[in-house]
Amino acid sequence: MNRPWVLPVLFICMIGIAGVTSSTTLEIVATTTGLLSVWLTARERISAWPVGLVNVACFFYMFEDAKLYADMMLQVFFFALTVYGWMVWLTNRGTAKVRPTRRLTLRQGWLLAVLLPVITLIWGYLLQSYTDASIPYADALIATLSLIAQYLLSSKVFENWMCWIAVDVLSVAMYAYKDLYTLAFLYVIFLAIAIAGHISWRRALQSDTRGLPA
């Protein structure tokens, strides 16, 4: 994560894939800002949040066109969670640049484990019944899991990366199925960054006793 040449190489790869797949300008902006936002987040940089707001706006319009309505609605929640995360990361940080990482509590873990299937089933049913969504339950599952991951990330909870890894794996399959190959490739990169973020945050957590649960 500390090698400065990695991000430019990834951007070049993204532009190359976008050219080969004849991606739209909106898709290119969405994928590049998404890549930059995730990269900055893994490095615990506050600048990830304003970049993330631009990314959310791009994805909202792109998913509307692709008829991925759960993902489209998801961007509204992402916008709110991005603003929330921006504020949270700047509080209770002492002399550090950002708030220290903490662990997920047992109570939170059980609550999220219950909410995931319940919200997925309800959301999937609504999409199937009232929209022309092409893959309603898969779309709802990824959307719900993404919300959980984003909430944990905004709250500076270490376990967000495990949720993002699951989201990335599922998203690669879904976007490839929808012929959104630039997005599918982007989520392969997201997966690699999420794994790197998981490792980096774990090391920081182990060296910072403030991140350990009470």
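Which lysines, if any, have their Cα less than 18 Å from the Cα of K97, not counting same-chain residues under 8 positions apart?
Result set, ordered by chain and number: K156.
Which value, in debye to the nearest 20, gives the size of the charge dipole of the range 6-211 about its Cα centre, when Lys and Arg are +1 and Asp and Glu are -1 at the Cβ?
Roughly 1120 debye for the range 6-211.
Which of the lysines could a cross-linker bridge to K67, judged by Cα under 16 Å and excluding same-chain residues fewer than eight apart?
The qualifying lysines are K178.
By count of other Cβ within 10 Å, fewest leading, how are D168, D139, D179 ordered?
If I rank by nearby Cβ atoms, fewest first, I get D179, D168, D139.
Round to the nearest 0.05 the FRET efficiency obtained for S47 and S129 when R0 = 35 Å and r is the Cβ-Cβ distance.
0.25
Using only helices, what value at 222 nm comes out for the chain when you add -39,500 (n - 2.57) per DSSP H run of length 4 or more and divide by the total residues, to the nearest 500 deg cm²/dmol?
Rounded to the nearest 500, it is -26000 deg cm²/dmol.
Could you give the alpha-carbon Rg of the chain over 2.2 N^0.38 Å, rounded to two decimals?
1.01
Restricting to Cα atoms and excluding each atom paired with itself, what does the Kirkwood estimate give for the range 113-168 in Å?
About 11.6 Å for the range 113-168.
Given a cut-off of under 8 Å on Cα pairs at least six residues apart, what relative contact order in percent is computed for the chain?
24
Just so you know, all these numbers are worked out from the coordinates, no wet-lab data involved. Please read all numbers here as calculations on a predicted model, not as lab measurements. Virtual Cβ from ideal backbone geometry, glycine too; neighbours counted across all protein chains shown.
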